[in-house]
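Each remark here refers to the structure printed beneath this line.
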Amino acid sequence: MPGFNPDRGFGVYVHWPYCARICPYCDFNVYAAKARDTDPLYRAILDDLSGWRGRTGERQVASIFLGGGTPSLMTGEQVAGVIAQVDRLWGLKPGAEITLEANPDDAARFGDFAAAGVNRLSLGVQSLDDARLKFLGRMHSADEALRALEQAKGKFRSVSVDLIYSLPGQSEADWRTELSRTLALGADHLSLYELTIEPGAAFAFAVKRKDWTPLDDDRSAGLYEVTQAMTAEAGFDGYEISNHARGFEHQSVHNRIYWSSGDWVGVGPGAHGRLTTGDERWAIEAAEKPGEYLQQVKAQGLGWAGVEKLEAVADARERVAMGLRVVDGFERGLVGELGLSLDEARVAELVRDRLLVEGARVVLTPEGRLLADRIAGEIAP
Ligand SMILES: C[S@@+](CC[C@H](N)C(=O)[O-])C[C@H]1O[C@@H](n2cnc3c(N)ncnc32)[C@H](O)[C@@H]1O
Ligand code: SF4
């Protein structure tokens with residue numbers, strides 16, 4: 001297995017696990033914020049970053065992603081402190097992307113985040129319809145989300161909007177109206193997610209109780225196709241299954257690192273990271289619960305609770321699954337360099353069925369992208 005390839009990128013993910021309220025669809029590693037002192041967590045994150053620095057050696061950081069949870073609950077000083085620590089330890093590449101995920105409720109702090117060095121804001125609008133926002137358990141109204149978006153514009157190099165569709169009872173006409181309003185908002189990037197019923201989330205219990213019925217797969221697939229067509233027509237590149245950018249410069253550098261199997265540091269409770277050292281690639285997971293994370297960092301100077309060596313087959317499977325998500329697919333060399341190969345007979349069949357295009361890169365067709373996960377499982381070693 002080859003050593004770390006800096007061309008695939010090196011980034012830092014910071015997980016801030018607190019939220020003002022837990023949304024019923026969400027299965028991320030999140031905890032109600034309540035009135036708590038977050039300084040110990042902030043300090044543990046700074047220490048964890050130092051611990052990682054001792055393992056990665058010298059590398060320049062192309063991207064920092066403050067995700068969650070709700071990192072817009074952090075103070076401007078905390079955000080500035082994290083960015084300064086990353087810069088001090090590794091050095092930020094000139095023009096490095098620094099993203100923060102924000103809830104519209106926290107718009108009053110956007111100026112502080114921009115002053116701290118954040119240059120990309122990902123805003124959780126989720127819907128432009130008040131009844132749907134209520135269904136999603138959101139604390140903001142559509143108007144408040146739109147006002148937050150206006151406050152973000154001009155403060156950051158890039159502003160992205162998250163929306164969830166394929167909600168129960170959502171018709172194609174409904175979604176067309178909502179999406180055309182969204183496309184007119186002037187965002188630089190859109191993350192448009194089909195609602196997933198996550199097994200551990202409150203929605204899964206509501207569905208089990210038959211409180212409501214999720215949209216069926218055919219109608220969801222129809223809404224996905226409408227999404228691809230309308231975003232493309234409005235000038236957004238659908239560069240990944242759920243992500244659309246107004247031009248290459250607004251594509252997320254951070255997600256590219258994941259999709260091209262680069263390395264990233266993962267700090268904060270439950271954060272995942274990937275680290276290549278010499279010929280080995282490691283999957284690392286920080287202690288999940290905030291209290292355990294603080295203990296772990298205190299005890300060993302690192303938040304690591306799970307460290308697993310990725311064997312070549314597991315690494316290749318992950319590379320294929322991630323690589324197929326992006327519009328330009330993945331280079332065959334990404335699997336070949338691990339001494340493995342794709343299931344060529346299955347690749348040929350999928351090319352015949354017009355689900356895959358094959359050349360130096362392996363790329364899904366628009367129809368294939370609907371089946372990305374299944375196809376990844378079929379062609380990976
Ligand atoms: C870590 S979360 C959000 C950040 C921020 N706390 C917020 O709620 O706006 C990232 C995004 O994942 C999406 N998401 C979370 N759970 C989802 C689900 N079950 N189905 C579809 N999208 C989901 C939401 O659009 C959300 O904005
Ligand atoms: S969607 Fe955002 S605000 Fe809601 S629980 Fe998940 S991370 Fe927290």
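Every number in this text was worked out from the coordinates using simple rules, so none of it is lab data. None of these values were measured; they are calculated from a predicted model. Virtual Cβ from ideal backbone geometry, glycine too; neighbours counted across all protein chains shown.
Descriptive notes on the structure:
- By the count of other C-beta atoms within 10 Å, a proxy for reagent exposure, Ser63, Ser50 are ordered fewest to most as Ser50, Ser63.
- For the chain, the list of Cys residues with no other Cys C-beta under 4.7 Å reads Cys19.
- Exposure proxy shown here: for His254, His140, His272, the number of other Cβ atoms within 10 Å sets the order, fewest to most, as His272, His140, His254.
- In a fully extended conformation the segment linking Asp218 and Phe205 would gain 2.4 nm over its present Cα-Cα distance, using 0.36 nm per residue.
- For the stretch 266-381, the Cα-based Rg and Dmax, in that order, read 17.6, 56 Å.
- Positive-pole candidate from Thr38, Ala116, Leu92, dipole of the stretch 28-119, charges at beta carbon: Leu92
- Exceeding the 29 Å Cα-Cα cut-off - candidates Lys289/Lys309; Lys134/Lys298; Lys208/Lys309; Lys134/Lys208; Lys34/Lys93: Lys134/Lys298; Lys208/Lys309; Lys34/Lys93
- Note on Arg361 and Glu58: the model spin-label points, each 7 Å out from Cα along the C-beta direction, lie 3.2 nm apart.
- Cα-based Rg of the stretch 6-257 normalised by 2.2 N^0.38 Å, two decimals: 1.03
- Environment charge of Tyr293, counting only residues whose C-beta is closer than 13 Å and scoring Lys/Arg +1, Asp/Glu -1: -2
- Charging the Cβ of each Asp and Glu at -1 and of each Lys and Arg at +1, and nothing else, the dipole of the chain about its Cα centre rounds to 700 debye.
- Residues Val307, Val207, Val326, sorted so that the one with the fewest Cβ neighbours within 10 Å comes first: Val307, Val207, Val326
- Seen from Pro366, the other residues with C-beta closer than 11 Å to its C-beta sum to a net charge of 0, counting Lys and Arg as +1 and Asp and Glu as -1.
- Within the stretch 6-257, percent of DSSP bridges classed antiparallel, to nearest 5: 15 percent
- Segment Lys93..Thr75, full-extension length gain: 4.0 nm, with 0.36 nm per residue of separation and the alpha-carbon distance subtracted.
- Listed values for the stretch 9-20 are Karplus-derived 3J(HN,Hα) couplings in whole Hz (6.51 cos²θ - 1.76 cosθ + 1.60, θ = phi - 60°), namely x, 9, x, 10, 9, 10, 9, 9, x, 8, 9, 4, and x replaces Gly and Pro.
- Using θ = phi - 60° in the Karplus curve 6.51 cos²θ - 1.76 cosθ + 1.60, the 3J(HN,Hα) couplings for the stretch 257-265 round to 4, 5, 5, 9, 6, x, 10, 8, 7 Hz; x is entered for Gly and Pro.
- Length-normalised contact order of the chain in % [C-alpha pairs under 8 Å, at least 6 apart]: 18 percent
- Remark: the Glu344-Lys134 segment gains 70.8 nm on full extension, using 0.36 nm per residue and subtracting the alpha carbon distance.
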